[in-house]
Amino acid sequence: MSLLEVDDVVVQFGGVTAVNHASFVAEAGRITGLIGPNGAGKTTCFNVISGLQKPTKGKVRFDSKTVTNMPVHRRSKRGMGRTFQRLEAFGSLTVRENVRVALDIHRGLLGLVKPGAADIDALLERVGISAYAGERADSIPTGTARLLELARCLAGEPKLLLLDEPSSGLDESETDAFGDLLKDLAAGGCGILMVEHDMDLVMAVCDEIHVLDFGSVIASGLPADIRNDPKVQKAYLGYSDEAPDESAALAGMHHDPALHDSTHDTTVLPVVPDEIGAVR
Amino acid sequence: MSSFISFTIFGLVSGAAYAIAASGLVLTYTTTRVFNIAHGAFGMVLAFVFWDFSERQGLPLWFSLVLVLLVVAPAAGWFVSRFVTKGLGEAPVSSSLVVTVGLFVGLIGLAQQIWPPEARFVPPFFPETSFQLGDTFVTAHQLITILSSIVVAVLLYLLLNRTRIGTAMRASVDNPELLKLFGGRPERVASLSWAIGISLAGLGGVLLVSVVGLDYYALTLLVINAYAAAMLGRLKSLPLTFVGAMGLGLLTSYASAYLPTEGLLNSVRNVVPALFLFAVIIILPQAQLRIGQVKGIVSAPLPSLGKAVGWGLGLLAFVGLLAGTSSQANLLLVGTAATYAIVMLSLVLLTGYGGHVSLAQLTFAGVGALAYAKLEQPNLYGLVLSALIAAAVGGLVALPVLRLTGLYLALSTLAFASIMDKMIFQADFAFGFNGTLPAGRLSILGTAITSTGGYVFAMSVFLVLVAWGLLLLRRGVLGRMLIAMRDSPAACGTLGLDMRWFRVGLFGMSAGIAGLAGALFAGLRGTIGSADFQSFNSLPLLLLAVVFGVTSVTGAVLGGTGLMLLPVLSSGDPQLGGLLFALIGFGAVFAGRDPNGLANLIFRGGRLVESRVAPQVMSRLPDLPGRGGRRRADGDSPGDGSVEVPLSQLTNEPAPVEDQKEVGAHVAARG
Amino acid sequence: MARPSRDRTAGARLLAVATLTLALAACGSQLEPGDVSTAGGTTAVDGTVPGAGGAVPGATVPGTDPGAPVVPGTDPGTTTPGGSTGGTGATGADAGGGTEGGSAGTGENAPTGTTEAGSCEGFDNDQTGVTADTITIANASDISGPVPGIFESAQLGTRAFAAYFNSTEELCGHKLEVLALDSRADAGSDQQAYQRACDESFASVGSQSAFDFGGAGTAQACGLPDLRAYSLSTDRTNCTTCYAAYGVRPGQVPNAMPQYWVKQEPDAVEHVAMLYVNAGAAPENASAFRKAWEANGWNVDIFQGIDVSEFNYAPYVQQMKDAGIEFVNYIGPYQFTVKLQQAMAQQGFTPKVFLQDATIYDAAYVEQAGELGNGVYAYAQTNLFDDFSIAEMKLYRAWLDQVSPGAEPNIYGVYAWSAARLFVEEATKLGGKLTRKTLLAALAQVRDWTANGMHVPQDVGAKTTANCASIIQLDGGTWSKVSPGEFLCGSMSNLGS
């Protein structure tokens, strides 16, 4: 039995279907990629799995138990951790405190007697952000904040990690280090389900890949198979008018985040709407 | 049977009015995620405008109507969406609540300022016309009200279900990103829905004004009933909102017809809407945690322990000085300020640290005062027990809302305040109808504090103790978790924190602090009644707390003083009252996004002085609280993380706007 | 502080108070239930906000042309007496025109009345609020607050009398000074105001506050004589140093009024509906009235409260129709009276009698009700404000115009003036023996006080409910007295409480 089973999940918002009868699995000790064009429903799937979004239809099974109606925190207690595409770091706490909160939550009352400073340091060290320990989480670079979210998850010693675009904001060498970290985690028995746009990373680390388009799974398989799947090609080519680079990227399995972002008609970085200014 | 039909018709008339008001509320909420507490206040102001056009200036009725509903109201809606509530939907719910409560109070003040109290009268439409239906007469005005609600329902249905933009509007409440996919211009959609929403508020106001009368409060508050109706549709579904509105109208009509006129059931009649709201909230399904909202509120700096102690003692010395020199009358004012300051400390915990909003904090103080007076134990035991009782009541209020989010919690406090006002406080076992209770002054360890000066000093001791307690808590495990919950409930959930009970505890603790303040106040006053804890006053209290800074102890102390001074100031010129209301309200509108308030300006000023003006001056002064900057400069790494980081310095960080755009591009390309 | 009360008509006042103070605030200020109940048959009893209760009669009263007879030097044109003045100026407060400021009375209407002045020997200038040439009296009334100016009339009435007194008289060489305090429609502020009154004045006179329980304990604790216009709360009534020109005792309801109706409309009183606003003291009052009315032979078929926030009165009218009601007694602010009457008219329901207390003896009511108001009855504990056959009423109107040109007379003003006169007369009698204690002792003896016929006899010292009232009827915008004689007087129902 798989660690995670998503079974025929449907999510509708008003009249819009975001996830359309999607079914896929993720295994313990393996890295599973969830890819697809923008708006394909990947993050919504994550929300359903982690409990932040109730599916209109369908089931989620985790660790051989149906968790479809289980509250978010209980899923976490059962060993599910996740990071967010739009950052959910505790902005007004320091990096170190972010992890400390996670440890406190994980240990409950035990945390009161056990300070766990060493554990925090170890976690920060492991994801490679020790240098930022004293900074406020809303003042660190995006990529670092994503690693912080990962460190927070790891504090809970999860069986399954849901990573939503974990590498965006990381440079090339950081991404490589990050890939190694993922493999390391998987080798330790942790299941990883990852939404990721960096195809190099996906192809390099994933054991299996599911492709989502229009809310449906259009392909599942080994990286090599996915690369050559015509349906996948078409899905990405679907909007090649606007983003020739993107389809090219898929074809050549090379992806440049900056170009990816430029698929929309607004300028990309570093634009911050005033009212979100404080955040990230 | 014929009278049953009559009651049904009357109920439908009320229901129609609720429906019009509620649908506007739902529309603005669905598209912008801003729950407009001030919806009724807009209806009230527009009714005044309508009066001004049609009665004062003598414009033709139809022309006034067109002007109000198609020009003034949409313009107001556009203005609000453009300059007041823009981006508020992404902000924490506490911000949007504070801003719209600010509008609420500000509009009442504005109306008082523009149209000073005076007898005004708006006649119903076609006053001479009515139709007989069996035994019942239906006036043309009532018919127009019902027809209007049907027209509004149909038009909104068509807009939301038969147009592309409408579909996006509907979807956007669940997933705001989708609005961007379809509408392309979210701002325009927001403006449109606010224009329509305020117009509907105006329609509701104009239809009701001839029956309710031109009154600043009556019209404004009537719409609170509409909240209950909107809640049935979970603030999303217009059809359910209409069902809720009609149901509520019928319920109130039948209640007035068939409920016994004596005993407890009689008073139930008056709180039907509030009970309806509670019931709806309880049956609402589990709410989903929001993700992707703005986080990382810049907090006021947390003072070091030394500073906190220094300033606390300084405050005590100051009050001690006052106690020795001021007249009794002025000491009563100081005591009142201390009471408000403690209540505001409870908001620092709840809103400043915890990110939740209570619209009934003064009611909790009332619970504490009631308990204190009833216990007849004017000593520490009675005081603590009173606070605990208030805390238990607070927990009880939060309990039904366990599964829901902050907005519903805030609204349930509103319903709670209304029920306390109209049922509980007035009951014989409480203050009694219009009644008062004697309350003795506190004695500590057998020593009674009888002099006003001594008592006020004792109050300020409690103020300082509570403040220290809060600062300590903020530094510890609980404090960190509170901040974490405020910054990202979603992350806390996925990290395994069961926030529901945590929130009940937080709410209870906050209510307990307010209850402590109420109990102390009862002792100060000697005689205490429900009139001292009017629920409406919780709103200016919340607003002043925010304006002065709800994230810091200093803000609470200043805010308490401000709230005490408010009536004193307006006493100089009675007409000033409206202006002050307007100032506070609109002040909060702008302060809502930065809950650190004026206190933070002081901190900044303090730092400036610290860096510019010679350090030798500083060496002679006691430490000031909240100069986080100095601590930092000293290399004393703040363990609490609440270093003040001005918004402006953060904006150069790259923003994760990619995801929105990503989604947009995909669908736009295909759609 | 002497602001003309122009833009604060009773209308706005009432409603606002009713809704804000009551509804919102749940406050219930006003009359303490018990008291009120007793206040039986009295005006402010209506149980709603006192402000509301009392109805500010006035503007339409013929003879109150405010523009005409003011004091030279003041510009009457600048103040518009409450939007609704119907004043015809027939009799006019001609008093104002005369002497240096107001008119002067003689005999019982002289500032000190006909009382014999006590010897001034031994007058102690070393008392709180007393100097060599002044005696300070405090007046703590609701001026600011949610309803600006709500009880300003009480303060004006007090100041008017002080001005009248000071124009010709002295109290053993002392002029009166009025320390104007604002109780801000808030119990805490009332307490604070009374703390100041304790410290800075000799006595407090003519005060009127919605939440007057606030300062009751304070006044008693410092021994301050507090001779109020009205006493609203039990705490205030029970305060041993507090008296009021308008007295009430819990559990007492006068019988004269209900008996009058039993005689006049023997059939209609068999089918009575009592409706009341569900706020303030109204519910308690209503049930006390009900007992008293029924004890006098009325048959109350419908007895129901209506919430302040109610705007749909039709269901209540429907009930009355179904029950064959012929006599409607409403207790609440006049705005709601108008709503009720509108609904009655819409539903084609016309009872034989529609009766309310003096709340509706108010120009704003007359204006708003329009034709609906025709034939409506009210019962009042003052004489008509435009009854200038009463010299004292004429004086009050003239001096009110002097201290605040254009201000409207109302029942609070009348009773505040009355309280001030009572203070002066008692103090004059005491002369050199005047102290807080002797004044209190003197006040305790006061019975049958009418302020020279301005209002029904009040047993101020006994703090009992007045047992008299008159029935007045509105017709064509004018109130006239329909009950015989000056007032209907009679026994009291003792309901206990």
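Of the candidates C:Ile390, C:Ile360, the single residue that is buried (at least 23 other Cβ atoms within 10 Å of the Cβ) and among the hydrophobic types (A, V, I, L, M, F, W, C) is C:Ile360. Before we move on, is B:Ala300 at the interface with another protein chain (Cβ under 9 Å from one of its Cβ atoms) and at pLDDT below 80? Here the answer is no, as B:Ala300 does not meet what is asked.
Kindly evaluate A:Arg75 against the criterion of being under 24 Å from B:Gly355 (Cβ atoms), touching a Ser or Thr at 6+ places or on another chain (Cβ under 7 Å), facing chain B (nearest Cβ under 10 Å) and part of a helix (DSSP H, G or I). Yes, satisfied.
Go through the stretch A:129-145 and give me each residue that's small (Gly, Ala, Ser) and over 18 Å from the mean Cα position of the chain (by Cα). Within the stretch A:129-145, A:Ser130, A:Ala131, A:Ala133, A:Gly134, A:Ala137, A:Ser139 qualify. Candidates are the residues of the stretch B:500-531 that are crowded, with 24+ Cβ neighbours inside 10 Å and aromatic (Phe, Trp, Tyr); the one that is modelled with the highest pLDDT is B:Phe521.
Among the candidates C:Lys429, C:Lys481, C:Lys437, the residue that is out of contact with any Ser or Thr (no Cβ under 8 Å at 6 or more places or on another chain), of a type in the set (Lys, Arg) and surrounded by fewer than 22 Cβ atoms within 10 Å (Cβ to Cβ) is uniquely C:Lys437. The lone criterion from (1) closer than 18 Å to C:Gly247 by Cα; (2) within 8 Å of chain B (Cβ to nearest Cβ) left unmet by C:Tyr230 is number (2). Take the conditions among the polar types (S, T, N, Q), in the same structural domain as C:Ala160 (by TED's automatic domain parsing) and more than 15 Å from the chain's Cα centre (by Cα) and apply them to C:Gln368. Does it pass? No, not satisfied.
Matching residues to (1) closer than 26 Å to C:Thr337 by Cα; (2) outside any loop (DSSP other than H, G, I, E, B); (3) among the polar types (S, T, N, Q):
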residue	(1), (2), (3)
C:Glu408	yes, no, no
C:Trp417	no, yes, no
C:Gln445	no, no, yes
C:Ala451	no, no, no
C:Ser470	yes, yes, yes
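Name the residue, out of B:Val26, B:Val34, B:Val68, that is among the aliphatic types (A, V, I, L, M), part of a loop (DSSP other than H, G, I, E, B), crowded, with 17+ Cβ neighbours inside 10 Å and more than 14 Å from chain C (Cβ to nearest Cβ). On inspection, the qualifying residue turns out to be B:Val34. Residue count for the stretch C:446-474 under the criterion of being buried (at least 20 other Cβ atoms within 10 Å of the Cβ) and acidic (Asp, Glu): the result is 0.
Only residues that are more than 9 Å from every other protein chain (Cβ to nearest Cβ), farther than 30 Å from C:Lys433 by Cβ and of a type in the set (Ser, Thr, Tyr) were counted across the stretch C:132-153, and they come to 1.
Table: residues versus (1) among the hydroxyl-bearing types (Ser, Thr, Tyr); (2) touching a strand residue (DSSP E or B) at 6+ places or on another chain (Cβ under 6 Å).
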| position | (1), (2) |
| --- | --- |
| C:Trp261 | no, no |
| C:Asp267 | no, no |
| C:Ala273 | no, yes |
| C:Ala279 | no, no |
| C:Ser287 | yes, no |
| C:Ala292 | no, yes |
| C:Gly297 | no, no |
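Beta carbons closer than 6 Å, at least 6 apart along the sequence or on distinct chains, pair a first residue in the stretch B:124-135 that is more than 10 Å from chain C (Cβ to nearest Cβ) with a second that is assigned to a strand (DSSP E or B) for B:Phe131/B:Val138.
Every residue, every condition in (1) in contact with an Asp or Glu (Cβ under 7 Å, 6 or more places away or on another chain); (2) closer than 28 Å to B:Gly89 by Cβ, yes or no:
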position: B:Val393; (1), (2): no, no
position: B:Leu404; (1), (2): no, yes
position: B:Ala415; (1), (2): no, yes
position: B:Ala427; (1), (2): no, no
position: B:Met459; (1), (2): no, no
position: B:Phe462; (1), (2): no, no
position: B:Trp468; (1), (2): no, no
position: B:Arg480; (1), (2): yes, yes
position: B:Pro489; (1), (2): no, yes
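Whether any residue in the stretch C:252-274 is within 12 Å of chain B (Cβ to nearest Cβ), touching a residue at least 24 places away in the same chain (Cβ under 8 Å) and either in a strand (DSSP E or B) or on the phi > 0 side of the Ramachandran plot (or both) is what I want to check. Yes; the residues of the stretch C:252-274 include at least one that is within 12 Å of chain B (Cβ to nearest Cβ), touching a residue at least 24 places away in the same chain (Cβ under 8 Å) and either in a strand (DSSP E or B) or on the phi > 0 side of the Ramachandran plot (or both). The single condition among (1) farther than 25 Å from B:Leu385 by Cβ; (2) in contact (Cβ under 8 Å) with a residue 40 or more places away in the chain; (3) outside any helix (DSSP H, G or I); (4) of a type outside the set (Gly, Ala, Ser) that B:Phe431 does not meet is (1).
Screening A:Ile49 against (1) within 13 Å of chain B (Cβ to nearest Cβ); (2) closer than 22 Å to A:Ala219 by Cα; (3) in a strand (DSSP E or B); (4) touching a strand residue (DSSP E or B) at 6+ places or on another chain (Cβ under 6 Å) leaves a single unmet condition, (3). Look at (1) at negative phi; (2) not in a helix (DSSP H, G or I) and you find that B:Val343 fails only one, number (2). Any residue at all in the stretch B:124-136 that is crowded, with 19+ Cβ neighbours inside 10 Å and outside any loop (DSSP other than H, G, I, E, B)? Scanning the stretch B:124-136, I find at least one residue that is crowded, with 19+ Cβ neighbours inside 10 Å and outside any loop (DSSP other than H, G, I, E, B), so the answer is yes. Among the residues of the stretch B:257-285, those identified as modelled with pLDDT of 80 or more and closer than 19 Å to C:Gln318 by Cβ are B:Tyr258, B:Val272. Every condition in (1) surrounded by fewer than 24 Cβ atoms within 10 Å (Cβ to Cβ); (2) closer than 30 Å to B:Tyr18 by Cα; (3) within 23 Å of the chain's Cα centre (by Cα); (4) among the hydrophobic types (A, V, I, L, M, F, W, C) is met by C:Ala323 except one, and the failing one is (3).
When A:Glu88 is tested against (1) facing chain B (nearest Cβ under 7 Å); (2) in a helix (DSSP H, G or I); (3) under 24 Å from A:Ala177 (Cβ atoms), just one condition goes unmet, and that condition is (2). Give me the pairs, please: first residue somewhere in the stretch A:1-22 and away from every other protein chain (no Cβ under 14 Å), second residue anywhere and assigned to a loop (DSSP other than H, G, I, E, B) and of a type in the set (Lys, Arg), beta-carbon distance under 8 Å, and either six or more positions apart or on two chains. These pairs meet every condition: A:Leu3/A:Lys159. Put simply, of B:Trp78, B:Trp62, B:Trp51 the only residue that is over 23 Å from B:Ile144 (Cβ atoms), in a helix (DSSP H, G or I) and more than 18 Å from the chain's Cα centre (by Cα) is B:Trp78.
Across the stretch B:55-67, the number of residues qualifying as more than 11 Å from B:Phe121 (Cα to Cα) and in contact (Cβ under 8 Å) with a residue 60 or more places away in the chain comes to 2. Test A:Ala28 against the stated conditions and say whether it is assigned to a loop (DSSP other than H, G, I, E, B) and touching a Leu at 6+ places or on another chain (Cβ under 8 Å). Yes; evaluated as a whole, the condition is true for this residue.
Any residue at all in the stretch C:311-318 that is part of a helix (DSSP H, G or I), more than 27 Å from C:Asp212 (Cα to Cα) and either without any contact (Cβ under 8 Å) to a residue 12 or more places away in the chain or in contact with a Pro (Cβ under 6 Å, 6 or more places away or on another chain) (or both)? Yes, the conditions are met somewhere in the stretch C:311-318.
The values are calculated or read from the model by the stated rules, or taken from the named source; none is laboratory data. Values in this document were obtained by computation on a predicted structure and should not be read as measured data. No Cβ is skipped: glycine too gets one built from the backbone with ideal geometry, and neighbour counts run over all protein chains shown.
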